[in-house]
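The values are calculated or read from the model by the stated rules, or taken from the named source; none is laboratory data. Only a predicted model underlies this, so the values are computations on that prediction, with no experimental measurement involved. Because the Cβ atoms are built from the backbone with ideal geometry, glycine has one as well, and the counts that use them run over all protein chains shown.
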Amino acid sequence: MDTSSPSELFHYLDTDGLIDFAQRLVKIRSVNDPSSGSTEQDAAQAVIELATGFGWTPIVDYVRPGRPNVIIRLHGSAPGSHLIFEGHTDVVSEGSRDLWDFDPFGGDIVEGRLLGRGSADMKGGLAAMLYAARALELSGDLVGTLTLAALVDEEELMLGVKDFVAKGYAEGALGAIVCEPEAGEICITQKGAIRLEVRFHGRISHGAMPTQGINPIPALMDILDFAQRTELQLQTQHDTDPLLGAISITPTVLQAGSRVQLNLTPPVATADFDLRTTPLVDHDELVSSFVTEVQRIAAKTGCQGEVEVIDDRPPTSIAADAALVKSLSEAHRVVLANEPVLGGVPGTTDGTILHRDGHLPVVVYGPGGKWIAHQANEFVEVTEIIAAAKVYLLAARDLLHSAR
């Protein structure tokens, strides 16, 4: 089977439609906040309508009410490999609009930049993967199976990708390209994440008679000190990863007592931690160290202590000479005429679950600055969206043909 040249393939890429659709997605406020009634429903519906307009038959799986995964399976004209492109439809809150110089959901293009919440993280990448797939289909070069996954809840507990893998959509795939913003870097590794909550239960007493109860706040102070010491120990034990940076243990939420009753010791004190790890860190050992320390503190203070693992996402890594990396690298060279940079993801993506539960090699590559995600005045260069779509198009063609 003869294949098209890159320039011939790019002829099938509707760049105007791509940017229009990216704008449409940004205008949809798909903030991940179901408790306030805000979900991914409208953004998912936009993907469904686009897919239907292309003549595709999207699979719509509701992970939670109002929170649908949209999965599209494209089958080529001949046998080939199975490749997954993955993105998410949710975005984080815009926060205070006073921090923005423009409407965060205006979807405007100013001086070549698409502006708004989710423009980089990651509606530009989501649009790029969909239009790249359409171009490959129209070219006649599509073989094997190309799965497009527009999933929910990446910004919180990754319920969407967990459901996607549990239902078998990742089976048989040679790997996944996660279309998150990484400043044009081909990210071959990403940090792991553990979300922990530590709770100490004491016994309330009058603030003037603290010895008549058990105040859990000193126990909370002890676990904060332990977290700081453990972070330093891990950073000393493991060299800073050249692509990921340092290991970190960050307390993010502290709760105890109420200003309504300042003369009452609290019955419970809690601390939430965000632990970010590199591939050298054993997650089970790290969690176990917290459990052991909480037990020690509880015995010392008379509190009851417990540790809840809210979420555990492993770090991922892939060899620089793996097929996914080589295909993306060559496509990047063709499209951008420069040598690709291999990098690492400072946070975590749905790729951690595709790797852990789906046992897939994962690469992260997409339009938008690596550090712009979740900030006010978020934007992505229009040229980066188009370039990413072209890279996806070439890489997908190469990878899908790899089994032939």
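Among the residues of segment 40-69, the one identified as touching a helix residue (DSSP H, G or I) at 6+ places or on another chain (Cβ under 7 Å) and of a type in the set (S, T, N, Q) is N69. The residue of segment 309-346 that is nearest to T270 (Cα to Cα), among those that are among the charged types (D, E, K, R) and under 22 Å from the mean Cα position of the chain (by Cα), is D311. Please verify whether segment 103-111 includes one or more residues that are touching an Asp or Glu at 6+ places or on another chain (Cβ under 8 Å) and either without any contact (Cβ under 8 Å) to a residue 40 or more places away in the chain or of a type outside the set (S, T, N, Q) (or both). Yes; the residues of segment 103-111 include at least one that is touching an Asp or Glu at 6+ places or on another chain (Cβ under 8 Å) and either without any contact (Cβ under 8 Å) to a residue 40 or more places away in the chain or of a type outside the set (S, T, N, Q) (or both). Applying the condition of being among the charged types (D, E, K, R) and under 24 Å from E137 (Cα atoms) to segment 62-99 and asking which residue is farthest from the chain's Cα centre (by Cα) yields R73.
Looking only at residues in segment 194-221 that are of a type outside the set (V, I, T) and buried (at least 19 other Cβ atoms within 10 Å of the Cβ), which one is nearest to T383 (Cα to Cα)? Selected residue: L196.
Residue count for segment 99-112 satisfying the condition of being within 25 Å of E156 (Cβ to Cβ) and not in a loop (DSSP other than H, G, I, E, B): 1. For segment 353-404, a residue qualifies if it is of a type in the set (F, W, Y) and in contact with a helix residue (DSSP H, G or I) (Cβ under 7 Å, 6 or more places away or on another chain), and the qualifying residues are Y365, F379, Y392.
Total residues in segment 38-70 satisfying the condition of being surrounded by fewer than 22 Cβ atoms within 10 Å (Cβ to Cβ) and β-branched (V, I, T): the figure is 6. Scanning segment 378-396 for residues that are within 20 Å of the chain's Cα centre (by Cα) and over 19 Å from G17 (Cβ atoms) returns E378, F379. For segment 118-143, name all the residues that are small (G, A, S) and either surrounded by 24 or more Cβ atoms within 10 Å (Cβ to Cβ) or in a helix (DSSP H, G or I) (or both). The answer is G118, S119, A120, G124, G125, A127, A128, A132, A133, A135, S139. When the criteria are applied in full, L254 fails the requirement of being surrounded by 16 or more Cβ atoms within 10 Å (Cβ to Cβ) and modelled with pLDDT of 95 or more. Take the conditions of a type in the set (A, V, I, L, M, F, W, C), at pLDDT 95 or above, in the same structural domain as E155 (by TED's automatic domain parsing) and under 28 Å from V307 (Cβ atoms) and apply them to A166. Does it pass? Yes; evaluated as a whole, the condition is true for this residue. Looking across L83, L25, one residue alone is within 20 Å of L151 (Cα to Cα), in a strand (DSSP E or B), among the aliphatic types (A, V, I, L, M) and touching a residue at least 24 places away in the same chain (Cβ under 8 Å). It is L83. Of the helices (runs of 4 or more DSSP H) lying entirely inside segment 274-369, those containing at least 2 residues that are touching a strand residue (DSSP E or B) at 6+ places or on another chain (Cβ under 8 Å) and within 21 Å of E155 (Cβ to Cβ) are 351-356.
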